[in-house]
Amino acid sequence: MMKTVNKDFWKALDEIIKTSEIVIDRPQGSVHPKYSDLIYPVDYGYLKDTSSMDGGGIDIWVGSETEKKLDAIICTVDSLKRDSEIKLLLGCNEEEKDKIYTLHNEKYMKGIMIKR
C-alpha cells in the first residue's frame, strides 16, 4: 500500500507542475529582497495559480538538467516565520540539490529532502 501512496503523491505533483505556469522571480545568482547575504544558487520561483502555506504559489527550484523531471522535494520549517512549506526540485542535478539543501538548513530554517 505504501508504494502506491508514494507513487500517487509524485503523480499528483507531476500533474500540478504540468498544468501550471512556472514563474522564476529569483534567478540563479540573484540576491534575496530582504536578506542581502542570501544568494540563490539555482533558479527559484513558484507555480502560478497555486497556493502554499505562506499564501503564495507552490515554491519550485528549477535546475540546469535538460530533462525537467521532478525527483525531489524539500520540506522546510522556519522557526522565525513559524511556518512550514514544501518546495519542489525540478531538473536539478546532485550538486544543485546539495546547494538547495544547504540553503534550507541555515539560520532559522531547517529542511529535509525527500527523493523520488
**Asked** What is the total of Lys pairs in the range 13-85 with C-alpha atoms under 26 Å apart, excluding same-chain pairs fewer than 8 positions apart?
**Response** 8
**Asked** Ile114: net charge of surrounding residues, Cβ under 12 Å, Lys/Arg +1, Asp/Glu -1, itself excluded?
**Response** +3
**Fill in**
Over its alpha-carbon atoms, the chain yields an Rg and a Dmax in Å of 13.8, 46
**Asked** By how many degrees, 0 to 90 and rounded to 10, does the Cα axis of helix 2-18 deviate from the longest principal axis of the chain?
**Response** 60 degrees
**Request:** Mind sorting Arg116, Arg26, Arg82 by how few other Cβ atoms lie within 10 Å of their own Cβ, fewest first?
**Result:** Arg82, Arg116, Arg26
**Prompt:** Along the Cα-to-C-beta direction of Ala12, a point sits 7 Å from the Cα; which residues of the range 76-113 have their amide N less than 20 Å from that point?
**Reply:** 76-77, 84-90, 112-113
**Prompt:** For the range 48-64, list residues with backbone N below 15 Å from a point placed 7 Å from the Cα of Ser20 toward its Cβ?
**Reply:** 48-63
**Message:** As I understand it, the value is the acute angle between the Cα axis of helix 94-103 and the longest principal axis of the Cα atoms of the chain; what does it come to in degrees, rounded to 10?
**Reply:** 50 degrees
**Complete:** Cross-link reach from Lys110 to aspartates and glutamates, straight Cα distance under 13 Å and at least 8 residues apart if same chain, gives Asp78, Asp83, Glu85
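Coordinate-derived values only; no laboratory data. Just so you know, these numbers come straight off a predicted model, no measurement behind them. Using ideal geometry, Cβ is built from the backbone for each residue, glycine included, and neighbour counts are taken over all protein chains shown.
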